[in-house]
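Encoded as structure tokens, the structure appears first; notes follow it.
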There are 2 protein chains.
Amino acid sequence: MRDVFHDQLDSLFDDLATMAGLARVSVAEATKALLTGDVAVAEQVISDDATLDRLREGIEEQAFSLLSLQAPVAGDLRIVVAALRMVAELERMGDLSVHVAKIARLRVPDLAVPGPVRPLLERMAKVAETMTAQVQRIIAERDVSSAADLALIDDEMDQLRRATFSAMLNDDWPHGVEAAVDLALLGRYYERIADHAVSVANRVVFVVTGEHPVAVPR
Amino acid sequence: MRDVFHDQLDSLFDDLATMAGLARVSVAEATKALLTGDVAVAEQVISDDATLDRLREGIEEQAFSLLSLQAPVAGDLRIVVAALRMVAELERMGDLSVHVAKIARLRVPDLAVPGPVRPLLERMAKVAETMTAQVQRIIAERDVSSAADLALIDDEMDQLRRATFSAMLNDDWPHGVEAAVDLALLGRYYERIADHAVSVANRVVFVVTGEHPVAVPR
């Protein structure tokens, strides 16, 4: 029979998986707003972020209650502290999606991303969304084996970001300073979403195996 | 007589103040590298970041030991969890300084920041450094009254960031795309350093008063 502590821990991880699911929707919808210039979608991403914030508060309260009432030690304590870190990173992924949505909203009725770099941005957004979806599954199923894949996908994100810089800093970039500044910041936001995804996945590995897999990206 | 828990907590906060001091040096030196194009200074900021990382590990171990051995509840528990969050944010301030230093290094022997926007960037960097110095003092002295000032200084940071966008997106920006992209990212890094400074200060207010002062910036 499971003890109360581990039942509560399972419930905590279920809520973390739910939060990752909402973060994934946020990334996907922010990207949609960006690529279509649909201001209603952008507004929705921005207002829906409050749901992620409320979920974070609930998870933090659960974690506090676990620490207070169960006073876990050693490995169990580290798991609860890891959950507190994961919740902060998942919330941050939502915040970064909001930043993407705000750039989309700022450029309406135009599109922030010029046609020629659109495939690059689409791929970057797809990688970020895929990584967030994987994080949801890794948390829900404690799937440690997939966590290593995430680091590989993250390498593609780094390559894509370098490709955006090459495009912008090419002498014949014809889209002006505004589009370049938007693209630099969008690249930064998607890259950070990916960093947090890898970091959350690594924390799940730690929770399951008791060992840190690789250095957490910055 | 103080109890063991509160003695250990004092020691934890002393180390957090030390970490804030190192973050301040990191911000100041990264800015120096940026404004002078001195590659040796940039390299130093990048390699010194390992010290902040080690300090973080030490503080986290202290916090774990406090949680394990003292099993604090209620307010005391929340203080230790707040300390764990502060340590993550202080480390992040160091990481962001490293990003500034890397832009400086990338442009050597040139300077990343064009002459006309240099005063804007200098002021932004000064605000970030001042905020980090204040955070060090706020942690060391549990000086709750100064924490509110930090939110005011942060307003100046937001204004400065808007001013950099106005300068870049002006039709007669003569410095090209590369300088604009650098400035957009530098502005983002300094703004995030300031956000973390406000957030850490707010956590000290919470630790001392038991109440959250204002919404934590994103």
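Bear in mind that the values in this text are calculations on the coordinates, not laboratory data. Since we're looking at a predicted model, the values are computed, not measured. All Cβ positions, even for glycine, are placed from backbone atoms using ideal geometry, and neighbour counts span all protein chains on display.
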Given the peptides B:4-10, B:117-123, B:97-103, B:41-47, arrange them by the average over their residues of other C-beta atoms within 10 Å, most packed first.
B:97-103, B:41-47, B:117-123, B:4-10
Inter-copy distances for A:Val144, label 7 Å out on the Cα-Cβ vector, sorted ascending, nm, one decimal, are 4.4
May I ask for the angle, rounded to the nearest 10°, between helix A:118-141 and the longest principal axis of chain A, with both axes built from Cα atoms and the value confined to 0 to 90°?
10 degrees
Under the convention of a label 7 Å out along Cα→Cβ, give the distances in nm from B:Thr209 to the same position in every other copy, shortest first.
4.5
Picking from B:Ile153, B:Leu84, B:Ala23, whose Cα lies most toward the positive end of the charge dipole for the protein assembly as shown (charges on Cβ: Lys, Arg +1; Asp, Glu -1)?
B:Ile153
Classify the protein assembly as shown: rounded, prolate or oblate, from the alpha-carbon gyration tensor (a ≥ b ≥ c, eigenvalue square roots; a/c under 1.5 rounded; otherwise prolate if a/b is larger than b/c)?
oblate
Most exposed to least, judged by fewest other Cβ atoms within 10 Å, A:Val144, A:Val127 sort to A:Val144, A:Val127
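If you place +1 on the Cβ of every Lys and Arg and -1 on the Cβ of every Asp and Glu, how big does the dipole about the Cα centre of the protein assembly as shown come out, in debye to the nearest 20?
For this selection, approximately 440 debye.
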Taking chain A and counting helices only, DSSP H stretches of n ≥ 4 at -39,500 (n - 2.57) each over all residues, the nearest-500 ellipticity at 222 nm comes to -30500 deg cm²/dmol
On a C-alpha basis, how far is the centre of segment B:96-149 from the centre of segment B:174-191 in Å? Whole number, if you could?
15 Å
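When you look at the Cβ of every residue in B:184-196, what mean number of other chain Cβ atoms sits within 10 Å? Show your work: numbers first, answer last.
Working: counts 8, 5, 0, 2, 5, 1, 0, 0, 1, 0, 0, 0, 0.
Across B:184-196, the average partner-chain Cβ count within 10 Å equals 2.
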Within 10 Å of the Cβ of an average residue in B:176-182, the count of other chain Cβ atoms is 6
Output ³J(HN,Hα) for segment A:168-184: one whole-Hz value per residue in order, computed from phi by the Karplus curve 6.51 cos²θ - 1.76 cosθ + 1.60 with θ = phi - 60°, and x for Gly and Pro.
6, 8, 5, 4, 9, 5, x, 9, x, 6, 4, 5, 5, 4, 4, 5, 4
With a ≥ b ≥ c taken as the square roots of the eigenvalues of the C-alpha gyration tensor of segment B:70-158, please select rounded if a/c is under 1.5 and otherwise prolate if a/b is larger than b/c or oblate if it is not?
oblate
On Cα atoms only, tilt of B:4-36 relative to the major axis of chain B in degrees
10 degrees
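Under unit Cβ charges (Lys, Arg +1; Asp, Glu -1), what dipole magnitude, rounded to 20 debye, does segment B:39-101 have relative to its Cα centre? Please report the intermediate quantities before stating the final value.
Details: 5 positive and 11 negative charges, 56 e Å.
Here segment B:39-101 has a charge dipole of around 260 debye.
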Shielding by partners, peptide B:63-69 (average Cβ within 10 angstrom, other chains):
3
First check a/c for chain B, with a ≥ b ≥ c the square roots of the eigenvalues of its C-alpha gyration tensor; if it is under 1.5, answer rounded, and if not, answer prolate when a/b is larger than b/c or oblate otherwise.
prolate
Helix B:74-107: angle to the longest alpha-carbon principal axis of chain B, degrees 0 to 90, nearest 10?
20 degrees
Estimated dipole of segment B:4-209 in Debye, rounded to 20 [Cβ of Lys and Arg +1, of Asp and Glu -1, Cα centre]:
240 debye
Arrange the peptides A:164-171, B:107-114, B:11-18, A:22-29 so that the one whose residues have, on average, the most other Cβ atoms within 10 Å appears first.
A:22-29, B:11-18, B:107-114, A:164-171
